[in-house]
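All remarks here apply to the structure that follows.
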Ligand SMILES: NC(=O)c1ccc[n+]([C@@H]2O[C@H](COP(=O)([O-])OP(=O)(O)OC[C@H]3O[C@@H](n4cnc5c(N)ncnc54)[C@H](O)[C@@H]3O)[C@@H](O)[C@H]2O)c1
């Protein structure tokens, strides 16, 4: 058996919960585990991942074992595996920075973040904890809009010698400056913003591409998303949404032969519906023209449990970080990012991205 892929997580929210559950679930279920993308990749299975540290700010999560922290409020995702005794990594108290917005501080505690009274670790202390835990990968699952917090953890990863997997829409792998920093440090950087396993982005891209393939002229489109978790609550603060909108919109624009005008495409999180909890509903509409300008439109609704949808990609991206390290690759890893992320350093069609991922992993 190969050495476990020792991974730390910044942001122990719903996506981290699904990831931690998934690892323990796969350890027990093995080949019988349901819904695993890439059951083996480059010889690695999801159960080769070991979570060795977590960093959060919430009083209900810090200074607890990660197996307990992921079950604490305000996390509300579906519990598909509750036997988490093997998940003993400590959750440390990181700095708030811009992770907790003024808007979130004013929401009821059961649906928002409650910063812990414990003193936050400094950057030096976080680097020490990463080294002590022998973490080789740091995964970012911080709230949308946490630019300073993401950059803070990226600097910690560089200093601690960790590869970085960036699950959120703050641009690192797709930012040449950050890609160079990781290249100079000899460390892989994979991102940005997970393209969920069967999410609105990949479905929307597929529909738009299908229209192109069949010669349909797409005139306009929207994708409206609602959900009831803290991610959706946090995104009610429109000022934090700029990069999320850009990431989601570009993911669809780049799937089409011809870009739409800015006023003909509208994509983003649209509302917070408390009773949906971690369920997300996406409404996708495309309008266009068939032969001779004849009208057509398609309207569809996708419903998913939001967080396992991202965790499925996280268990793949973490394995890609190990494979990149084994291959001596550093900087932005294009071939591992295009299939797994909405805003990769290089956008390619999903079928080509799939082939590139397999070739990168040596599974082609
Ligand atoms: N669900 C998906 O399909 C999907 C897809 C792509 C990207 N994402 C992104 O992944 C991220 C995580 O999503 P989630 O649903 O787990 O969110 P969440 O709100 O459940 O979790 C965020 C966690 O970060 C913690 N946090 C806040 N500030 C922090 C700080 N400064 N340092 C450390 N921890 C801090 C919170 O306490 C919370 O535990 C979001 O940015 C989301 O948009 C999700």
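Where a number appears in this text, it was derived from the coordinates with a stated rule and is not lab data. Source: prediction; values computed, not measured. When we count neighbours, we look across all protein chains shown, and the Cβ atoms used for this are built from the backbone with ideal geometry, even at glycine.
As a calculated quantity, the FRET efficiency between residue 298 and residue 258 at R0 = 25 Å, using C-beta atoms, amounts to about 0.90.
Our helix-only sum for the chain, with -39,500 (n - 2.57) per DSSP H run of n ≥ 4 divided by its residues, gives a mean residue ellipticity at 222 nm of -10500 deg cm²/dmol. Relative to the longest principal axis of the Cα atoms of the chain, helix 123-132 runs at roughly 80 degrees. Helix 14-29 and the long axis of the chain differ in direction by around 80°, with both axes built from C-alpha atoms.
How much length would be gained if the chain were fully extended between residue 327 and residue 148, taking 0.36 nm per residue of separation minus their Cα-Cα distance, in nm to one decimal?
61.4 nm
Helix 200-213: angle to the longest alpha-carbon principal axis of the chain, degrees 0 to 90, nearest 10? So the helix axis and the longest Cα principal axis differ by about 30 degrees.
Each 10 Å bin from zero up to the one holding the largest Cα-Cα distance in the chain carries the following percent of pairs: 5, 26, 35, 24, 8, 2, 0.
Using 16 Å as the cut-off for backbone N distance, which residues of the stretch 43-63 belong to the label zone defined by a point 7 Å from the Cα of residue 134 along Cα→Cβ? Flagged as within label range: 48-53. How much FRET efficiency would the formula 1/(1 + (r/R0)^6) give for residue 287 and residue 180, where r is the Cβ-Cβ distance and R0 is 30 Å, rounded to 0.05? My answer for the efficiency is 0.10. Full extension of the chain between residue 352 and residue 237 yields a length gain of 37.8 nm, computed as 0.36 nm times the residue separation minus the alpha carbon distance.
The slack between residue 155 and residue 214, meaning 0.36 nm per residue of separation minus the straight C-alpha distance, is 16.6 nm. Quick check: Cα centre of the stretch 1-32 to Cα centre of the stretch 53-121, how many Å? About 17 Å separates the Cα centre of the stretch 1-32 from the one of the stretch 53-121.
So in the chain, what percent of DSSP beta bridges are antiparallel if you round to the nearest 5? Within the chain, antiparallel bridges account for around 45 percent of the total.
Taking R0 as 41 Å, what FRET efficiency do you get between residue 364 and residue 59 from their Cβ-Cβ distance, rounded to the nearest 0.05? Step by step, r from the Cβ atoms, then E = 0.30.
Averaged across orientations, what area in nm² does the convex hull of the alpha carbons in the stretch 200-306 project?
6.6
Short-range pairs are left out: with C-alpha atoms under 8 Å and at least six residues apart, the relative contact order of the chain is 20 percent.
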